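One structure is given here, and the rest of the page talks about it.
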Amino acid sequence: MAEPEGLDTNHTRGQDVKATSAPENDWQRIWISTRQTNWSSLAIIPSDASVEVGGVAETLAETGRLYGERPVSLLNAKGTQLENIRQLLDTLNTMTGHGDWVIVEVDPIAENPSSVPIIQATSAALLVVRLGESLLSSARSAIEVIGRAQFLGSIVLHGQGPRRRPSLHLAVPALTLILTRLLTTHP
C-alpha cells in the first residue's frame with residue numbers, strides 16, 4: 001500500500017523520522033498523581049547535593065506536555081542568588097499568568113538558602129531522594145523549612161549509572177506517611 005501523498009518516513013533534511021516514545025509508566029503515574037491537586041507551579045527539590053533533579057524536571061515536563069491539557073514549561077532556578085529572586089518570581093508569575101503549568105528546578109535548601117522563597121512561591125513541591133544515598137536529616141530539614149502542606153509527595157530514585165534508568169515512586173500525601181514515622185522513631 002502506498003503512503004499518503006506528502007507523507008513519508010524521512011525528515012526533510014535527510015534524517016529518519018522516529019515516533020516519539022511515551023514516557024515510562026512510572027513517569028505517567030507521577031504526572032497523573034500530581035495533577036490530582038490543583039497547582040500552577042511545581043518545585044522539584046533535591047533532598048541534598050547528591051541528587052540531580054534536572055532530568056526529573058525535564059522528564060516530568062515532557063510527560064505533562066504529552067498529556068496536552070495545557071502548556072508545561074520548565075524554569076531553572078538552580079544557582080539563583082538572593083539578589084535575583086524577585087526577577088525569577090516575576091518570570092514565574094508571568095508564565096503561570098499565561099496559563100502554563102511551570103515546573104521549577106531548584107537547588108537543595110541546605111546548599112542554597114535562596115531556594116526557600118522560590119519554593120514557597122510555587123503552589124506545590126516534590127522532594128526527590130535517592131534510596132540508600134540521600135540523608136534523612138536533609139529530607140527532614142526540607143520538609144520542616146518549607147512546611148509539609150507544600151509537598152505533594154516525593155520521588156524516590158532507585159539505581160544509578162549511565163546504563164540503568166532509575167525507577168520512580170510517588171509517595172503521597174506529602175511524604176508524611178513514610179518520613180513522619182522515620183523521623184519520629186529515629187532521633
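The selection criterion, being crowded, with 17+ Cβ neighbours inside 10 Å, modelled with pLDDT under 80 and on the phi < 0 side of the Ramachandran plot, does not hold for L175. Please go through segment 30-40 and give me each residue that is over 10 Å from the mean Cα position of the chain (by Cα) and not β-branched (V, I, T), ordered by number. Matches in segment 30-40: S33, R35, Q36, N38, W39, S40.
Of all residues in segment 117-158, count the ones that are in a strand (DSSP E or B) and closer than 16 Å to V51 by Cβ.
Within segment 117-158, the subset in a strand (DSSP E or B) is 124-130, 151-158.
Within this subset, residues satisfying the condition of being closer than 16 Å to V51 by Cβ are 125-130, 151, 153-158.
Selection size over segment 117-158: 13.
The set of residues in segment 84-102 that are farther than 15 Å from S115 by Cβ and either touching a Ser or Thr at 6+ places or on another chain (Cβ under 7 Å) or of a type in the set (A, V, I, L, M, F, W, C) (or both) comprises M95, T96, D100, W101, V102. Take G147 and decide whether it is on the phi > 0 side of the Ramachandran plot, surrounded by fewer than 16 Cβ atoms within 10 Å (Cβ to Cβ), at pLDDT below 75 and not charged (D, E, K, R). When the stated conditions are applied, G147 does not pass them. Counting residues in segment 53-63 that are over 12 Å from the mean Cα position of the chain (by Cα) and either in contact (Cβ under 8 Å) with a residue 24 or more places away in the chain or not in a strand (DSSP E or B) (or both) gives zero. Looking only at segment 96-107, decide whether some residue is surrounded by fewer than 16 Cβ atoms within 10 Å (Cβ to Cβ), at pLDDT 90 or above and not in a loop (DSSP other than H, G, I, E, B). Yes, some residue in segment 96-107 is surrounded by fewer than 16 Cβ atoms within 10 Å (Cβ to Cβ), at pLDDT 90 or above and not in a loop (DSSP other than H, G, I, E, B). Can you confirm whether I45 is out of contact with any strand residue (DSSP E or B) (no Cβ under 8 Å at 6 or more places or on another chain) and surrounded by 17 or more Cβ atoms within 10 Å (Cβ to Cβ)? So I45 fails the test. Within segment 39-52, how many residues turn out to be closer than 15 Å to V129 by Cβ and either without any contact (Cβ under 8 Å) to a residue 60 or more places away in the chain or not charged (D, E, K, R) (or both)? Residues in segment 39-52 being closer than 15 Å to V129 by Cβ and either without any contact (Cβ under 8 Å) to a residue 60 or more places away in the chain or not charged (D, E, K, R) (or both): 9 in total.
The values are calculated or read from the model by the stated rules, or taken from the named source; none is laboratory data. Being a predicted model, the structure only gives us computed values, none of them experimental. Note: ideal-geometry Cβ built from the backbone for every residue, glycine included; neighbour counts use all protein chains shown.
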